[in-house]
Structures are given as structure tokens and as C-alpha cells.
1. For the pairs 166/190; 573/598; 534/826; 370/534; 405/480, note any where the Cα-Cα span goes beyond 20 Å.
2. To make sure I understand the rule: partners must be aspartates and glutamates, Cα under 17 Å from the Cα of residue 550, and not fewer than 8 residues away in the same chain. Which ones qualify?
3. Just to confirm the number: angle between the C-alpha axis of helix 298-315 and the first principal axis of the chain, 0 to 90 degrees, nearest 10?
4. Treat each spin label as a single point 7 Å out from the Cα along the C-beta direction, and report the residue 303 to residue 2 distance in nm.
5. Net charge around residue 555, counting only other residues with Cβ within less than 10 Å of its Cβ (Lys, Arg = +1; Asp, Glu = -1)?
6. Can you order the peptides 760-772, 551-563, 522-534, 781-793 by their average number of other Cβ atoms within 10 Å per residue, highest first?
7. Quick one: if you stick a label point 7 Å off each Cα along the C-beta vector at residue 571 and residue 122, how many nm between them?
8. Which order do the peptides 398-407, 828-837 take when ranked by the mean count of other beta-carbon atoms within 10 Å per residue, highest first?
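Derivation of every value follows stated rules applied to the coordinates shown; laboratory data play no part. From a predicted model like this one, the values you see are computed outputs, not experimental measurements. Every residue, glycine as well, gets a Cβ built from its backbone with ideal geometry; the counts of neighbours run over all protein chains shown.
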Amino acid sequence: MAKWVYLFKEGKADMKNLLGGKGANLAEMTNLGLPIPQGFTVTTEACTDYYNSGKKITDEIQGQIFDAIAELEKIQGKKFGDTEDPLLVSVRSGARASMPGMMDTILNLGLNDIAVEGFAKKTGNPRFAYDSYRRFIQMFSDVVMEMSKTFFEGILDEIKEEKGAKFDTDLTADDLKEVIARYKAIYKEKMGDEFPQDPKVQLIEAVTAVFRSWDNPRAIYYRRMNDIPGDWGTAVNVQAMVFGNMGETSGTGVAFTRNPSTGEAKIYGEYLINAQGEDVVAGIRTPLPITRLEQDMPECYKEFMEIATKLENHYADMQDMEFTIQEGKLYFLQTRNGKRTGPAALQIACDLVDEGKISKETAVSRIDAKSLDQLLHPAFDQAALKAATPIGSALPASPGAAAGKVYFTANDAKNNHEKGERVILVRLETSPEDIEGMHAAEGILTVRGGMTSHAAVVARGMGTACVSGCGEININEEAKVFTLGGETIKEGDYISLDGSTGKIYLGDMPTVEASISGNFDRIMTWADEIRTLKVRTNADTPEDAANAVKFGAEGIGLCRTEHMFFNEDRIPKIRKMILSKTVEAREAALEELIPFQKADFKGIYEVMEGRPVTIRFLDPPLHEFVPTEEADIVALAKDMGLTVEEVKATCDSLHEFNPMMGHRGCRLAVTYPEIAAMQTRAVMEAAIEVKNEKGFDIVPEIMIPLVGEKRELQFVKDVVVETAEKVKAEKGSDISYHIGTMIEIPRAAILADEIAEEAEFFSFGTNDLTQMTFGFSRDDAGKFLDAYYTNKIYESDPFARLDQEGVGQLVKMAAEKGRKTRPEIKLGICGEHGGDPSTVEFCHNIGLNYVSCSPFRVPIARLAAAQAVLNNK
Ligand code: PEP
Ligand code: MG
């Protein structure tokens, strides 16, 4: 019989896949002899089984859960559902990777109408007992039965009003009995059944709810953002309750062994006296800093610090711990490697290396490549910042500068972001439902919540600026307005947030690029020592290229030449070229474009100082360039000596039903070879001139797009070679150059061995390759892909993360075929996937020479390339 349930004492830290992160760590802490309330873990495999069994927990698994309860009863010396001294438990989800968005915690499970009486007697504290029961009913109804919280909040407010109570704590035991009665009544009204009295039923319902939460939309969304596979499943941890709300010698808190925002090696956290865990996380009361515990309860603080240090040394990483003090006795409820900001991750990794606790390799493997993004995020322009007066300030929950229009719901934030606006999400407090809106926002501002609140934790994880816990704000979410510092801010007004200082400003403050710290360089240097894959960049301008070089780019893998034509002074010329009726007229128009294109190439060559530069010839369908505004059409007609009607007719003739699969890429060069000739001239003249002027050893790489057939490439190549040789002769230069192709059409991948006869290099254009392999448009797929995620058909966006099973196999096959024909062929990738860590690893594994990505993602790719080596060790 399979084992579906493990007592904490039966597990180990390395059983994460089976027990989830939380479960494995609880087991490890138990083995270390730490003060952990005991319990058991229902495995991730049981979760998978739940889905495979038609969303049912089988009798076998239920049996093992109740066996574990019996064991726990022995350990605790209490009985589940007992009328004298009932065993109460918490139920928490715990996947392999920690995942906000899933069900979090149910506390006080095991209470019912009878047990609560025993609990009141045993604790000698009826008020506490009834409060625990009413909290349990509320949490169970909300989290397990998915009843709206508002019913319960309404009842609580009603009774407070009736009793003239200001705070929850002003309610007496009898008042709370009344609350419970009304809670149960509303439960029955809404659910049609009595509130479940059998603790076993409560438990199985709660475990089911955790399993179910694995597949709620928020969890699916989070998995997609973080590359977490859908088949991992979540474990469930059932743990004996300890109570932080038993009076002034009790409390509960969350702490990190180092500062999760900055990485500073100093204990960091907060706690609340006389409270349960939910109070800290929900941010309803403002917690005290952990260092205050030293005054409040010196013994507890000392023990707490000893254990915290022990845990950090044991895991050799910064720990995020939850603890509860019950009547002066300290318990640890969980520990895990703490989430941290990008800067903190670097600081902690470097410090741990310096402290001799981890190797450089471990340091490199620890940094979440995607988190580097935040380091490269903007800050406010210093001058603007100095001149500005904040209208308020609160907790600096997640660093970075953000400015945008205020929206009060996650949906409004998301929708307006999709319309192209920069948005700031302002909420009373955030909850996991808000995840998409938070993701869409430049910044997040909350009224409630500490540094460990949902908003703070999630924003830090996403690298989004966040200011939390701004209690001075008076918010009316319904009316979509808030006041702060004497100002009234309505939906759509601009505000600016400094997530590093916690300051809030009125208006749209300008931001400047990020500056990178010494830690960043250290980690990057270590990564560079490890990686074998080269990292290039996609850049079309000298400025972008310079930026990329700063971030460590070793060359340009894709220079999209069409982007150079969209400037105001150039577009009329390219339009003239497109509308030309004869080869002569077209050549004359192209002649005018040469100086621009050549100057751009020279600028890029100078910046790149001899590093390889791949220049891709004109790719998009020509109609993208034609005028649509009447004024532009009139101007063009005048310039070309044509009538407006003639120009319009030609523009219309360029219309295509399916432009992405139409007259674009090398097809343009097949129909208009003079375009390829002009571009070749510009590339070669620029290279020769910069080589002569600056002495850089330049070997231009000319890349032909959208090739699907060897003869097609051959045709264009002949044009390129003829022109290149002509230019060399004219300039008396012996410069060498390479001609290669993109592999972005499935047919090219299939016939890569033949194509390699003509191509000196391949660059995988995985944007088009994905589009054409899946057969859906890279521009429109977003409209229906959401349904594919929700229905678990796809787990991630194939345009962001390479589809390794499908498209990846074409890439692998083409790489092998290309190498067979031409062993020294250079292989790279230049689709958007080139900056995605999982794709970088794939590229390393199939032996590509380089990846190429946008400048800001170059560091991510460098790190991911090093991690690919380490993962293979
Ligand atoms: C590609 O298709 O992957 C590519 C890099 O080219 P573009 O995005 O310009 O079509
Ligand atoms: Mg392409």
C-alpha cells in the first residue's frame, strides 16, 4: 500500500518533492529537536491522486489521515473532538515552491458546539474559546466553503454596534456566543447544511480545499509566472495548534534572519502580542518590530535568536520563520528559505560566501535569474525627487520607483494597463485575488499591512514597487477616491511611489535608469566563470547596444534593420521606395536610404568595438510602412509626382489577408533584390570604414530572414555576395564577412542540413517559429491563451517560455542537422525566448553557441547560462 501521509518525525529536508517545502522543513526541524507543534503531512502525491480520482480523496488516503490523527492524539495527549480537552489543529497548504494564491491556513480546526465548552473549561478562558470558535467558523466558511467574508464581517460589525463595542476585543464571551449563533445561521442559510460538527468531516473538507486550491485561477496564474509545473501538486500540513492569543504573555510573529529588502545581516521581523497568525499577515493591527521582544519577553527572545541562528546555519540561507508564543513558551511553526528582493538576494549570497558558508557556485545557483530584473529597474530622477514634497509615507515594502494613474481594483488596473497606461493599484489591503492587477501595476499602495503582508511579499517577489500600511489614507474604494495629506486623489489621477523610501507623491514623477551595485558585478563575474554559452543582445541602435554592453553583452545577435526606417526623416524615403513602380525608381529611392542605414551601422560597430554583430535584412511586410493618414498620403503623392488616388491605389494593392505569412522576410529580397543590395552596401561600407578608422576587427554577419528553402537563400546570397565583393573592390578592402539565416519557418528546421550548405550560421527566430509551429498568431494569441491556461491545456505562454517538447524539438533537430553539414556552423537564438531562464538552459543543453536577448535581460541570460552548467553537474 502506498504511503500517503507522513508524521513530521518520519520526514526529512530532502523530501521536498513529496512533502512540499513546508512539510519537509517541519520534518527537518522536528529532527533537529526544535520546539515544533507536532503534526503530519499529506503528500503531494495524494494531491495528484485526488485529481486522478475525479477530485476525490480515496478511502485509503482518508484512512491514513485518520491513522495519523490517532498518532498525533497520542503525542499531544489530547483527543480530536474531545469534550474536555480537544485536540485542535491548523491545516495549511505547502507545495514544493511556496505559492501565494493557494489556500493558506485554517486555524482552530476541531472545534464544534461541544468541544468549545471543553476548550473553555480547560483553558479557563471562555472568551478566548468562543473567539477561537467564531474565527474557525469564519475561516472555514470562507476558505473551505468559499462563502464570502462579508457575511461574517457584517455580523461582527452588527453585534459590535448592538453591544456598543469599539474593537473585537471589547466583546464578551456571551457576545461571542451570539456571534457564533448568527454565524452558524448564515452558514446554514447559504450552504443549506448545518455547520459541520464532526472534526473528521471538517478535516477532510479542509484537506480537499487545499487540494482544490492548487488549481484555482490565482495559483495557475502564479505558476505560469514562475514556471512551476501543474503536475507537482501541493501537500497539506496538519499541525497541533498553539495559541498566540491567550493573553499578554502570548503572541505570534514572522521574522527573517536577514533583511529581505536589503539583505542586511540583521534579524528582521514583527510580532503581535495576544494575536493569532492571521492578524499579523492580514495587517489589521500594526505589529511591533521583533527587537521589541527583547524587552517584552527577554527569555523568549534569547531562545528565538538561538533557534533562528541555528536554522540559518543549518540551511546556509536566509530563513523566513513563523513563531508563536503561548503563555511564555516559544514554538516555531515553520521555516523556509525567505523570499527576497533582487538586491537582497545578491547581498545575502555575497555575504554568505564571505562568511565561508557557501561556495561561489552555490551563490550563483541561489539567485533567481528573473529577479535580476528588479535591479535594473528605474528610480526617480534625483532633481525631481528633491523638488517634490511627499503627501504621505508608509512602509517601504518593495523597492523601485513607480508613477502612474490610480486604480482601485485589480481588474481596473489590469484593463487599463492593457490599454497601455501606467497604473498604480491602490487597495485597502491586497489579497491573492488581486495578483493579476498587481502584476499589471507599476506600483502598489495599500492602507493596511506590514512588511510581511500579502502586498509586500507578493510585490517584492514580482519586483514591483510597493508602499504598504499607509494608515493615514482615507479610502473609499466604492467611490474610487482617497485622501492623503490634505489631497484628494480620484481614479485616473497620477501619483508616484518610492518603494525604497515609502514616500508617496502627487503627480507623474520622471524616473531614471537603475544603477547596479558591486554585489551584482561579483555574482556576474562568478557566473561568467562558470558559463559556456555566450550571451548577445538584440539591439537596433547604438544606444541600446551600449546599454547591452554595459550589462555584459558579448555581441549583437539580432539587429532588426526595419526599426531604423520608422524615424520621421526616413519613413517618407522608404515609402517612396515601396511605392516605386520601376526598378530604377526603387534604386533611386534606396540610394537615399543608404546614408542613414550606413550611419546607423557605423554607430553600432563603433559601440560594439569589434564584437560580433549580426545584421538582419528587411523583414516585415511592406504595408507596415505605408501611410494611413491623409496628410502623409498627400505629402507622399506630392513628393513622388503622383496623384493622391494613385498613391492610395498602390497602398491598397499592398494589402494582404495574412501579412505575417505574406510578402515579408527574404521574399522581399526575392522580389526586390535591390533592397538586399542596398542593405549589403550599407553594412559593408560601414564595416570597412569603422575598421579603417578605429582599427576594430570587424567581420559583418549578414542574416537573411524567413528562409524556408535552400534555393531561396542561395538567390539572396548571390545578391549579397555580388554587392559585397563590389564594395570590397571599390574600397580596396579584404574584409571578410559571413552570411547566414534565421531558422524561423518549420520547413527550414526540417531541411536544416540542406540550408546549412549555404548558411554559415543559424539564428533561431523562435517568435516566428513558435507562431508557425503552433499555427497561431504571435500578435493575437493572447486573446485566447487565457482559456488554455485556465483549462490546463497549456501551462505557460509559448511566446515567452520556449515550448521545449514541440518547437524546442525543431530547434534541436535543426541544430543537429546544421552541424552535420557544417560542423563549425555557429548557432544562436534571437527570439524573445533568448532571455527566458528555462529556455537559456535548454539552449545550453542542446549545445547552441549563444543566446541573444534584449539589453535588460542580458544579466538574466548570463546567470541562467551559468545555472544551466551547475544544474547539469
Ligand atoms: C523571431 O521571429 O523570432 C525573430 C527574432 O524575428 P522577429 O521577431 O523580428 O520576427
Ligand atoms: Mg521573425
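1. 166/190
2. 373, 513, 521, 528, 540, 606, 609
3. Relative to the chain, helix 298-315 is tipped by roughly 40 degrees.
4. 4.0
5. +1
6. 760-772, 551-563, 522-534, 781-793
7. Computed distance between label sites residue 571 and residue 122 equals 7.5 nm.
8. Sorting 398-407, 828-837 by mean packing, highest first, produces 828-837, 398-407.
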